[in-house]
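Report on one structure; see the data block that follows.
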Amino acid sequence: METTKNYRFGTVITEIVMLLIGLLFLIPFYFLFVNSVKTFGDLLTNSAAWPEAFQWGNYANAWEKISFPSALMNSLIVTIVSNLLLVLISSMAAYRMVRSNTRFNRILFGLFIAAMVIPFQSIMIPLVTVTSNLGLIDSLGGLIICYLGFGAPMSIFLFHGFVKSVPLEIEEAARVDGSSAYGVFFRIVFPLMKPMYVTVIILNTLWIWNDYLLPSLILQSSNLRTIPIATFALFGQYTKQWDLALPALVLGIMPIIIFFLLMQKYIIQGITAGSVKG
């Protein structure tokens, strides 16, 4: 009986501590939102206070200043296409490396793993030089190709661990029934990868959507700006107009927050499936 009481007490304390930690992490979002609907004067007077009157017009002004529909469309194109290519190519590559366990494939997989620890800043200058020589500068296609290259190592690593958990007997049965190599992969193996490719999509979406450094190197035209680049341009042009900058930040993070809340349940499931099996 005493053990049960101690367990319940410990559970309550843990929940209270976790609630306080959660509220602590929400404080920046509070400041961001309440100050995005204030006048410039109220924002400077007391940034922590609740707004006396909500200035929703700030969002309309920010929407126009950063050309939000254009920036949103560019971010959607880059994020969606990059994710589709990463899932397709990385899953096929990982499957081949696992099922054909040759020395070459083991070395290749090791190179992909090694690429994960290379700091991006160390290859910025060579990246700009290569993309410029290949004609990939200032195009969404060039940016997508760069994301494919930088995102492949982690995606292949996750898929590689998951493929090991897929029973060979299922594939052998499909081959006996006359399925080709591509048929076995797309009809048998790929559907079983759902927890992992959903996880890969979530992780890469959070990275690509919020990335500033790579688009700033590749994109130059104002009509090709993604949301982070458009928001930064607003900070540069209207350095002191926080009543425009803060609504622009809220507009930029809302789509990815909604996406994450809808998809977060798959993250632990997918990473666990890929890390503890095989």
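Taking ILE257 as meeting all but one of (1) free of Cβ contacts under 8 Å to residues at least 60 places away in the same chain; (2) not in a helix (DSSP H, G or I), write down the number of the exception.
In the conditions (1) free of Cβ contacts under 8 Å to residues at least 60 places away in the same chain; (2) not in a helix (DSSP H, G or I), ILE257 misses (2) alone.
Table: residues versus (1) modelled with pLDDT of 85 or more; (2) under 14 Å from ILE156 (Cα atoms); (3) charged (D, E, K, R); (4) out of contact with any Pro (no Cβ under 8 Å at 6 or more places or on another chain).
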{"site": "ALA60", "(1), (2), (3), (4)": "yes, no, no, yes"}
{"site": "ASN74", "(1), (2), (3), (4)": "yes, no, no, yes"}
{"site": "SER82", "(1), (2), (3), (4)": "yes, no, no, yes"}
{"site": "ALA94", "(1), (2), (3), (4)": "yes, yes, no, yes"}
{"site": "ARG99", "(1), (2), (3), (4)": "yes, yes, yes, yes"}
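Within segment 164-177, identify whether any single residue is polar (S, T, N, Q), under 26 Å from the mean Cα position of the chain (by Cα), more than 29 Å from PHE33 (Cα to Cα) and modelled with pLDDT of 85 or more, and answer yes or no.
The first filter runs over segment 164-177 and keeps only residues polar (S, T, N, Q), leaving 165.
Of the ones still in play, those that are also under 26 Å from the mean Cα position of the chain (by Cα) are 165.
After this cut, where a residue has to be more than 29 Å from PHE33 (Cα to Cα) as well, the list is 165.
Okay, now just the ones that are also modelled with pLDDT of 85 or more, so none.
Checked against the condition, which is being polar (S, T, N, Q), under 26 Å from the mean Cα position of the chain (by Cα), more than 29 Å from PHE33 (Cα to Cα) and modelled with pLDDT of 85 or more, segment 164-177 yields no hits at all.
Quickly run through segment 64-105 and pick out the residues that are out of contact with any helix residue (DSSP H, G or I) (no Cβ under 7 Å at 6 or more places or on another chain) and under 30 Å from SER36 (Cβ atoms).
GLU64, PRO69, MET73, LEU76, ILE80 - these are the residues of segment 64-105 that are out of contact with any helix residue (DSSP H, G or I) (no Cβ under 7 Å at 6 or more places or on another chain) and under 30 Å from SER36 (Cβ atoms).
For residues that are exposed (fewer than 10 other Cβ atoms within 10 Å of the Cβ), at pLDDT 80 or above and not in a helix (DSSP H, G or I), tally how many sit in segment 1-47.
Here the count works out to 0.
What single numbered condition from (1) without any contact (Cβ under 8 Å) to a residue 24 or more places away in the chain; (2) surrounded by 13 or more Cβ atoms within 10 Å (Cβ to Cβ); (3) farther than 30 Å from ILE229 by Cβ; (4) not polar (S, T, N, Q) fails to hold for ILE145?
Looking at each condition in turn, ILE145 falls short on (3).
Among the numbered conditions (1) open to solvent by 30 Å² or more (accessible area, probe 1.4 Å); (2) farther than 30 Å from VAL98 by Cα; (3) modelled with pLDDT of 60 or more, tell me where GLN264 comes up short.
Going through the list (1) open to solvent by 30 Å² or more (accessible area, probe 1.4 Å); (2) farther than 30 Å from VAL98 by Cα; (3) modelled with pLDDT of 60 or more, GLN264 breaks only (2).
The values are calculated or read from the model by the stated rules, or taken from the named source; none is laboratory data. Just so we're clear, the structure is a prediction, and the values are computed from it rather than from any experiment. Cβ atoms come from the backbone with ideal geometry, glycine included; neighbour counts cover every protein chain shown. Heavy atoms of the whole protein, side chains included, go into the accessibility calculation; ligands, DNA and RNA do not. Shrake-Rupley method; radii C 1.70, N 1.55, O 1.52, S 1.80 Å.
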